[in-house]
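Taking it in order: structure first as structure tokens, then the write-up.
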Amino acid sequence: MPIKRMWGGRFQATGSDLANTFGASIFFDQEMAHEDIFGSLAHVKMLKATKILPAADADKIIKGLHEIDDQLTKDGSLPFTVDDEDIHMNIEDLLTKKIGPVAGKLHTGRSRNDQVATDLHLYVKERLPKVIDALYELQQALVDQAAENVHTVMPGYTHMQHAQPISYGHYLLAYFQMFQRDVERFQFNMKHTDISPLGAAALAGTSFPIDRQLSAKYLGMSDLYDNSLDAVSDRDFVLEFLSNASILMMHLSRLCEELVYWCSHEFGYIELSDSYSTGSSIMPQKKNPDFAELIRGKTGRVYGHLMGLLTTMKGIPLAYNKDMQEDKEGIFDAVKTILPSLKIMAGMIKTLHVNKDKMDAATHHDFSNATELADYLAGKGIPFRQAHEIVGELVLKGIKSGHDLSDISMEEFHKISPKIDEDVYHCLKPEVAVERRNSYGGTGFKQVEEQLAKAKAILAKQDK
């Protein structure tokens, strides 16, 4: 028996099973079942308030939609079918089976075009706070570790070469700041998500005397699209989410890369908890940072979703086109990728063990105090460029002889400048080098304490 389509009046034939399956989206857009029902409830309440639908019909539809949503909440799923193509038609078909032909009045004054746009806005809007909350949890873990490690000294790197000693707390707070920018990007994303397209219909609006402001109020949206063409064709808010998610995953991946380094035998700066590590099926001694590697690996799939949707959208003429069915799977997967990634990362940070002695030892015998000596010489009146060259030559001699800068005798220092005093040896200590970096935002312990206080204030503000 041919499939009876809700839009099939002018058609004499239906597609093959392959074509019908290929064109259907119910396999993935059922993810928005709650949103679709919620959007329909807002629409029918507006139709009732504007008297476009008789109150009795509207109430019957509202009751039916609530019963379907209750069933979805209770069972976790509904009996969807590919014959109804998408979530919108499936819900309407279920409603029709429940309350009869009056269900067909639900679609008065709207189209699947504004309906799907509304569903997607609701989906993203509902998940943005969850992403932001997960970011706060990770930031809190970083703050807690930083508070315990203000005075923990480690090598700072550029080009993955020892550069200058820094506070490990300072290092952790750098990631706090990265994630704070992520928070702010997702918060701004809400502005373009909290806009109602409902009532734009297919592309040109509708001749029914609808009240779009009232629909937006029922949806809980703070604004509505001013242009019906833009309303049904805009997916910028999804692209913003995927762009923000890609930047977030890049930050997570950078941190994961360093966690993988830091817990290796060669570094040994940290040890990840057994709860966030795995072993080897053949090598009994192995403790692998698999969860950090997985997050690092999942970054690529989020990037792919962003590039996929950008490419899909780049050639689409106004207004809606079937290409835009490809806007959902990527964001569904991105949400399911970044939320657990954030929670796993927070867990790793909370439970890792810091090998403070190993970090400190790595700042000795590595010439990372060379800048301190150059600054010291500059402070004695030697032009910095000349001091830089002098210290570079001393480092070269030290490498060849196996001696550190702190091994240089006072006699040798006096050959450079008679102004050099015994305090030079104090300045060359790694912890002193860190302590002295007290320019605003620097790694000096006082500066790290100030950064920490500001970070705590940021998180405290979010709790209110």
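Things to note:
- Within the range 262-281, being assigned to a loop (DSSP other than H, G, I, E, B) and crowded, with 17+ Cβ neighbours inside 10 Å holds for Cys263, Phe267, Tyr269, Leu272, Ser277.
- Residue in the range 175-196 that is in a loop (DSSP other than H, G, I, E, B), of a type in the set (A, V, I, L, M) and touching a residue at least 60 places away in the same chain (Cβ under 8 Å) present: no
- Subset of the range 3-52 [of a type in the set (D, E, K, R), under 18 Å from Arg110 (Cα atoms) and at pLDDT 80 or above]: Glu35, Asp36, Lys45, Lys48, Lys51
- Within the range 291-346, considering residues that are among the aromatic types (Phe, Trp, Tyr) and assigned to a helix (DSSP H, G or I), the one farthest from Thr118 (Cα to Cα): Phe291
- Filter result for the condition that a residue is closer than 19 Å to Ile132 by Cα and among the acidic types (Asp, Glu), over Asp194, Asp234, Asp211, Asp230: Asp194
- Failed item, numbered, when Glu240 is tested on (1) touching a residue at least 60 places away in the same chain (Cβ under 8 Å); (2) under 24 Å from Asn113 (Cβ atoms): (1)
- Residue count for the range 418-458 satisfying the condition of being in a loop (DSSP other than H, G, I, E, B) and among the aromatic types (Phe, Trp, Tyr): 1.
- Per-region count, the range 113-147, residues of a type in the set (A, V, I, L, M, F, W, C) and either outside any helix (DSSP H, G or I) or under 20 Å from Ile62 (Cβ atoms) (or both): 1
Residue by residue, here is whether (1) aliphatic (A, V, I, L, M); (2) without any contact (Cβ under 8 Å) to a residue 40 or more places away in the chain holds:
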{"position": "His403", "(1), (2)": "no, yes"}
{"position": "Pro430", "(1), (2)": "no, no"}
{"position": "Glu435", "(1), (2)": "no, yes"}
{"position": "Tyr440", "(1), (2)": "no, yes"}
{"position": "Leu459", "(1), (2)": "yes, no"}
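- Filtering the range 376-390 to residues that are buried (at least 16 other Cβ atoms within 10 Å of the Cβ) and in contact with an Asp or Glu (Cβ under 9 Å, 6 or more places away or on another chain) leaves Tyr376, Ala387.
- Each residue in the range 418-436 was checked for being surrounded by 12 or more Cβ atoms within 10 Å (Cβ to Cβ) and either in contact with a Gly (Cβ under 7 Å, 6 or more places away or on another chain) or among the charged types (D, E, K, R) (or both), and 7 of them qualify.
- The residues of the range 433-443 that are at negative phi, out of contact with any helix residue (DSSP H, G or I) (no Cβ under 6 Å at 6 or more places or on another chain) and not basic (Lys, Arg), listed by number, are Val434, Ser439, Tyr440, Gly442.
- Criterion violated by Tyr123 - all others in (1) touching a Pro at 6+ places or on another chain (Cβ under 8 Å); (2) buried (at least 20 other Cβ atoms within 10 Å of the Cβ) satisfied: (1)
- Lone qualifier among Lys461, Lys397, Lys415 - being part of a helix (DSSP H, G or I) and at pLDDT 90 or above: Lys461
- Odd one out for Ala319, checked against (1) within 23 Å of the chain's Cα centre (by Cα); (2) buried (at least 17 other Cβ atoms within 10 Å of the Cβ); (3) among the aliphatic types (A, V, I, L, M): (1)
- The number of residues in the range 68-108 that are closer than 22 Å to Ile52 by Cβ and of a type in the set (Ser, Thr, Tyr) comes to 2.
- The requirement of being over 30 Å from Ser275 (Cα atoms) and either modelled with pLDDT of 95 or more or touching a Leu at 6+ places or on another chain (Cβ under 7 Å) (or both) is satisfied by Met313.
- Ser409 surrounded by fewer than 12 Cβ atoms within 10 Å (Cβ to Cβ) and either under 18 Å from Ala163 (Cα atoms) or not aromatic (Phe, Trp, Tyr) (or both): yes
- The number of residues in the range 65-107 being among the charged types (D, E, K, R) and surrounded by fewer than 15 Cβ atoms within 10 Å (Cβ to Cβ) comes to 5.
- Residue count for the range 359-375, restricted to those that are surrounded by fewer than 21 Cβ atoms within 10 Å (Cβ to Cβ) and hydroxyl-bearing (Ser, Thr, Tyr): 1.
- Test: Lys415 is surrounded by fewer than 17 Cβ atoms within 10 Å (Cβ to Cβ) and within 44 Å of the chain's Cα centre (by Cα): no
- Single unsatisfied condition, Arg110 versus (1) crowded, with 20+ Cβ neighbours inside 10 Å; (2) part of a helix (DSSP H, G or I): (2)
- Count of the range 442-461 residues which are over 13 Å from His151 (Cα atoms) and either over 26 Å from the mean Cα position of the chain (by Cα) or among the hydroxyl-bearing types (Ser, Thr, Tyr) (or both): 2
The values are calculated or read from the model by the stated rules, or taken from the named source; none is laboratory data. In this text, all values refer to a predicted model and were calculated from it rather than measured experimentally. Don't worry about glycine lacking a Cβ; one is built from the backbone with ideal geometry, like all the others, and counts go over all protein chains shown.
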